[in-house]
1. At 222 nm, what helix-only mean residue ellipticity would the chain give, in deg cm²/dmol to the nearest 500, using -39500 (n - 2.57) for each DSSP H run of four or more?
2. I'd like the accessible area for Phe136: 1.4 Å probe, protein heavy atoms, all chains in place, Å² to the nearest 10.
3. Helix hunt in the chain: which complete DSSP H runs extend at least 20 Å axially by C-alpha with mean Kyte-Doolittle at least 0.0?
4. How high is the relative contact order of the chain? Use alpha-carbon pairs under 8 Å, at least six apart in sequence, and give a whole percent.
5. Give me the one-decimal nm value for the distance between modelled label points at Leu239 and Thr73, 7 Å along each residue's Cα-to-Cβ direction.
6. Rg (Å, one decimal) plus Dmax (Å, integer) for the alpha carbons of segment 22-141?
7. Could you sort Met62, Met1 by their accessible area in this structure, using a 1.4 Å probe and putting the largest first?
8. Subtracting the Cα-Cα distance from 0.36 nm times the residue separation, let me have the gained length for Asp56 to Glu141 in nm, one decimal.
Amino acid sequence: MIFTDTHTHLYSDAFADDRKETINRAISSGVTRFFIPAIDSSYTESMFELEREFPDNIFLMMGLHPTDVKPETYKKELALVESELARRKYYAVGEIGIDLYWDKSTLAIQQEAFQYQIQLAKKYNLPINIHCRDAFDEVFEVLEREKGDNLRGIFHCFTGTEEQALKAISYNLKLGIGGVATFKNGKIDQFLNKIPLEHIVLETDSPYLAPVPYRGKRNESAYIVNIAEKLSDIYALPLEEIAKQTTANSAAVFGI
């Protein structure tokens, strides 16, 4: 079985003491494909180091995270994103989107940065990887303006309602399903079996949002298997089928 973690922050300081061991542990568990979202330019070199060390397993994205869209720096950061996309191969523009949990005052420039990066993704024929926190309406507002055959990607860490899931899918987005699906109060497990598996990809968002039975601890890519086991229960399908279909879905998005 081949599993794919479509969203993991392996460059995080949370892995400073055992990064290589963590990656090898995941590979030993069958998780052999790791897609790495960008945050801002301060992490770029760490992402390159990961890629150099595990060139067959690590696939990089480029983008500016919404919580790092700051009035004094965001235009410079977006210029760096564009220069990187022009310079070399990336597999997605992300993670990008809107986050109103931490700061509502930057909504206007978050929307500006989100839409601009969607347009960059279209320019370079890349998928997007969307971060959305307390901002479904605001994210959908931008997606509605940019919808079309050349818009595709992943709605990362999907935690919305069934209606919101179907709306996201209507914009040609897969749903990134992670540890929240295993939480008793996660709610998405109550309707996920109504969403065809072809619209689902697996992710950890490690080191955050560890699934049961590791909830509250550091998350890592090996725990994709625990998330897949939960989906196996939800969809009443063999674990092998969950692995096969979700990895195929990730390949359809990222082109690899």
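1. Only helices count here, giving -12000 deg cm²/dmol.
2. 40 Å²
3. Passing helices, by number: 239-254.
4. With pairs under 8 Å counted, the relative contact order is 21 percent.
5. 4.2 nm
6. Cα-based Rg and Dmax for segment 22-141 come out at 14.9, 44 Å.
7. The residues order as Met1, Met62, largest area first.
8. Net length gain for the segment: 26.9 nm.
The values are calculated or read from the model by the stated rules, or taken from the named source; none is laboratory data. Note that the structure is predicted; figures quoted are calculated from it, not measured. Neighbour counts run over all protein chains shown; Cβ positions are idealised from the backbone, glycine included. Each accessible area value is taken on the protein alone, full model and side chains, heavy atoms only, with ligands, DNA and RNA left out. Shrake-Rupley method; radii C 1.70, N 1.55, O 1.52, S 1.80 Å.
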